[in-house]
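Asker: The following block contains the structure, expressed as structure tokens.
The values are calculated or read from the model by the stated rules, or taken from the named source; none is laboratory data. This structure is a prediction, so every number in the text was calculated from the model and none was measured. All Cβ positions, glycine included, derive from the backbone under ideal geometry; neighbour counts span all protein chains shown.
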Amino acid sequence: MAPATQLQLIDERELARITRLSVRTIQRHRLVGEGIPFRKIGKAVRYDLADVEHYLEASRRTSTSDPGPAA
């Protein structure tokens, strides 16, 4: 059996620091179902650092005209 990976959870303020987005923008993305996947633990919202890294890697572009994978 493979060893369990340990989650590294961060809050929206830490996510805002990492992504340089405002907390309000992160909240809006969550409301409309955009952005980085999140977890709800009770009333707390947390982001898995692995999901954040994956999201940032997927947003990498080589040109401003590159539409990325969503287009």
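Asker: Looking only at the stretch 42-71, how many residues end up being over 16 Å from the mean Cα position of the chain (by Cα) and either among the charged types (D, E, K, R) or under 20 Å from THR5 (Cβ atoms) (or both)?
Answerer: Counting residues in the stretch 42-71 that are over 16 Å from the mean Cα position of the chain (by Cα) and either among the charged types (D, E, K, R) or under 20 Å from THR5 (Cβ atoms) (or both) gives 3.
Asker: What residue, among those in the stretch 27-71 that are touching a Gly at 6+ places or on another chain (Cβ under 9 Å) and outside any loop (DSSP other than H, G, I, E, B), is surrounded by the fewest Cβ atoms within 10 Å (Cβ to Cβ)?
Answerer: Pass one, the stretch 27-71, residues touching a Gly at 6+ places or on another chain (Cβ under 9 Å): 28-29, 55, 58-61.
Those left that are additionally outside any loop (DSSP other than H, G, I, E, B): 28-29, 55, 58.
Numbers: ARG28: 13, HIS29: 14, TYR55: 15, ALA58: 10.
Taking the candidates together, the pick is ALA58.
Asker: Give me the pairs: first residue in the stretch 23-34 and at pLDDT 95 or above, second residue of a type in the set (A, V, I, L, M, F, W, C) and part of a helix (DSSP H, G or I), beta-carbon distance under 7 Å, and six or more apart or on different chains, which are they?
Answerer: VAL23/ALA16; ILE26/LEU15; ILE26/ALA16
Asker: Looking only at the stretch 15-26, which residues are exposed (fewer than 13 other Cβ atoms within 10 Å of the Cβ) and either within 17 Å of GLU57 (Cβ to Cβ) or touching a Lys or Arg at 6+ places or on another chain (Cβ under 8 Å) (or both)?
Answerer: Across the stretch 15-26, the qualifying residue is only ARG20.
Asker: Are there any pairs, at least 6 apart or on different chains, whose C-beta atoms fall under 6 Å, with the first in the stretch 39-50 and closer than 13 Å to ALA16 by Cα and free of Cβ contacts under 8 Å to residues at least 60 places away in the same chain and the second part of a strand (DSSP E or B) and among the charged types (D, E, K, R), and if so, which?
Answerer: Close Cβ pairs satisfying both conditions: ARG46/ARG39.
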